[in-house]
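Below is one structure, written out as structure tokens; the observations come after it.
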Amino acid sequence: MRLYVLGPAFDLPSLDPECLAAIALLQSLGPEEWQLIPTHDDTHGLPYLTLNNDNNTAKSIHGFASITHHLRPHLPKFGDDIALTSFLHSTAQPLLDLSLYLSSENYPTTRSAFTKILPWHTNYLLPPRRRAAARHRTENLGLGGIDVDNVHEDLSGRPEGFDGVGKEQGAGFEVEAQKRASLLLPRKDTLKSFLKRPEHSAVFKLHSLAENFFGPLQDILESTEGKYLHGDKVSAVDCLAYGYLALMLFPTLPQDWLARTMKRKYGVLVAYVERIHAELRLGTNVGDVMALSQCRDEEEGVAAHRSARAMTLPWSTATTSTPIEVLMSTARELLSHIPFLSPSTTILAKGKDRIALWQQFLPALLTLATTAMGTAVYLSIRTGLIPWPHGETVHLFGRKRLVDYGHLGAALGGLSLLGR
Amino acid sequence: MTDDDAQHDGAKQRDDSSPAKSIFDVFFRIPPPLKRIFDQTPLITYPENEPPLRTANIERNNNLLYIFTTDTEARNGRPSFNPGCLKWQTYLKFEGIPFCTVPSTNHASPSGALPFLLPAGRGQDARSARDPIAGGKLKRWTATQKENKEKSREPEDVRYEAYASLVDHRLRRAWLYQLYLNPANHALVHRLYIAPCSSNPFVQLTIAHQLRSSATTEILKSNTTSAASNIVDEDEILGGAREAMEALAELLGDNPWFFGQEKPGIFDAGLFAYTELLLDDGLGWAENRLGVMLRQSGGLVRHSDKIREVHF
């Protein structure tokens, strides 16, 4: 069995909640033989598990839910577990998105964590893509305020008053002058106006979001008798909860409101996460895992390295990609940003009648038709196939000018010329 | 006498009293012949227009709930064909608040989404106070409406949030998939949402495309992060819905309402919004796999039937 996951970060075995949950699940199952492989290729989704069948054909299972189902097929499913899984997915994911990806102060930290585990070209593809997805998922929460640099302008980490080269002094002076002036002006901050400022209202929203997640989870945990959600053994739901909670608790971020809220008010949850973390021995040193790829010898070297560094997880060397794969993934990423050419959503359905192809690609088809028509008209006029409708020169016969009326006419003609 | 005339008279008096004319009076004075004509034609203020005839049958002193529905169904108080609207319609009925339903579209709503409610205005002066109430705030508004009666209590069960996410997340995904992305049900979408908007085939085509693509983005958004970014997997969605229904049926057990409450609450309304429409054969489903799944779990069907009998 080989489990492919997104690489380790923040002293955790993975940067992705579901990968983390899958690792915890495999680790909790005990002494079965399995390998853990950090990868960056998420075209089919991560984590995934590959199994070697008897006839040497590899079968892969994608996603935490399917992996759980495969590893524990005969386990009875509790209604509470299903509800809790859905609750974790729908409530914890936006919180992680906000904390790790969206917050413009925290994102540099997340990004540098990615830099350690990804090959150079993926660094330009994967983190921005995950961030875009996170932004997409959380845009209905109305918390764009914490995402300061969503206009492609990262102002964090610049010296005060710095505003582009050459304007440094002037801008600095203006800012200073404004500060002085605002001190002179009478300024009354009512409590209401204070609370209505975007940065403060965002704080309230974030806290209520976090409490809506931690509160119910802690209540459920307190209502069960054992140490975990099902008695004294770690179950699949525990693993999933660990995946999300660990990524909230362990990373050290500049804006650690999530971890702070958790530590301050939800001690039961903190103890729960730390208990699973210790019991399954999931602590990971990022450097050690990445150093594995320097091992020349496939089997022996890796095993020796693992035991030398006292690694508790069966880490293996990271997947590498050939130059062609690098080119392909880069091209695919570039293509997906071009409107009308980006690959559309695939719908995997068993039904006989699918959505007609022309309906699926309606905007692309319309654009193509318009462009084709315009080009055709332009070319046919250019080559002279269709003449430009300018018409013939007009000749009027029998029209009399003033001069044709003898003396009087000539005089009138002169007059009209004078008047001009 | 209107304001203009009064001002003009005032200006004239000032003319008489002060010989020095301001530059305004010189340039903007109305020539005497014109003024004579103006003096003879008084300004008429027309009375207010009557409201359109189609609103005449709605009592103006009633709460108006704007939802997706048709004219005839609105007159009979039938359930809306949109789960989001039906939830609040059902909830208001549970709470015993009288209201009339009015067919509407998203464009009419101040928040951009239906439903919204116009509270009953008491007298003409209350018009300014009649601000529409958007869907999400209806619950709080309902609580303010019944100060003297006992407040409806939230169920204290610790699992409430978890099970609520099953309805709002899994069932909603499956609903979006079955209605908008299953091509067999395209005729139904056309009848419910597209045909009332426009009769122009090109506009209809555009609306159909928009509906489908927004349903796709909603489903992709609620995908787990482990799924590939642009694949909508039917098996995964329907399997999730089946699990959700089983879990909900297990939770309900033999109780009349969820979480052992004595009267139905917002959770029951939210679930009924989906079950009612999936079990309704009159709606015209061409393919209704969710309905088939639902009928296999008897408890939820019983729950839905009971609400329909009592309230609709």
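Restrict the check to the range A:322-333 and report whether at least one residue is modelled with pLDDT under 80, outside the structural domain of A:T39 (by TED's automatic domain parsing), exposed (fewer than 10 other Cβ atoms within 10 Å of the Cβ) and in a loop (DSSP other than H, G, I, E, B).
no
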Considering only helices (runs of 4 or more DSSP H) wholly within the range B:1-96, the ones with at least 1 residues that are open to solvent by 40 Å² or more (accessible area, probe 1.4 Å) and at pLDDT 55 or above are B:23-27, B:32-40, B:71-76, B:83-94
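More than 10 Å from every other protein chain (Cβ to nearest Cβ) and open to solvent by 30 Å² or more (accessible area, probe 1.4 Å): is that true of B:L211 in this structure?
The answer is yes for B:L211.
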Check on A:A9, free of Cβ contacts under 8 Å to residues at least 40 places away in the same chain and either more than 14 Å from every other protein chain (Cβ to nearest Cβ) or crowded, with 22+ Cβ neighbours inside 10 Å (or both): no
Restricting attention to the range A:25-45, the residues that are within 14 Å of another protein chain (Cβ to nearest Cβ), under 20 Å from A:V237 (Cβ atoms) and among the small types (G, A, S) number exactly 0
Subset of the range B:162-208, residues more than 8 Å from every other protein chain (Cβ to nearest Cβ), within 24 Å of B:E250 (Cβ to Cβ) and open to solvent by 40 Å² or more (accessible area, probe 1.4 Å), comes to B:R172
Expected single match for open to solvent by less than 100 Å² (accessible area, probe 1.4 Å) and modelled with pLDDT of 75 or more among A:A364, A:A410 is A:A364
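The values are calculated or read from the model by the stated rules, or taken from the named source; none is laboratory data. Worth saying up front: this structure is predicted, and the values here are computed from it rather than measured. Glycine gets a Cβ as well: all are built from the backbone with ideal geometry, and neighbour counts include every protein chain shown. Note: areas computed on protein heavy atoms with side chains; ligands, DNA, RNA excluded. Shrake-Rupley method; radii C 1.70, N 1.55, O 1.52, S 1.80 Å.
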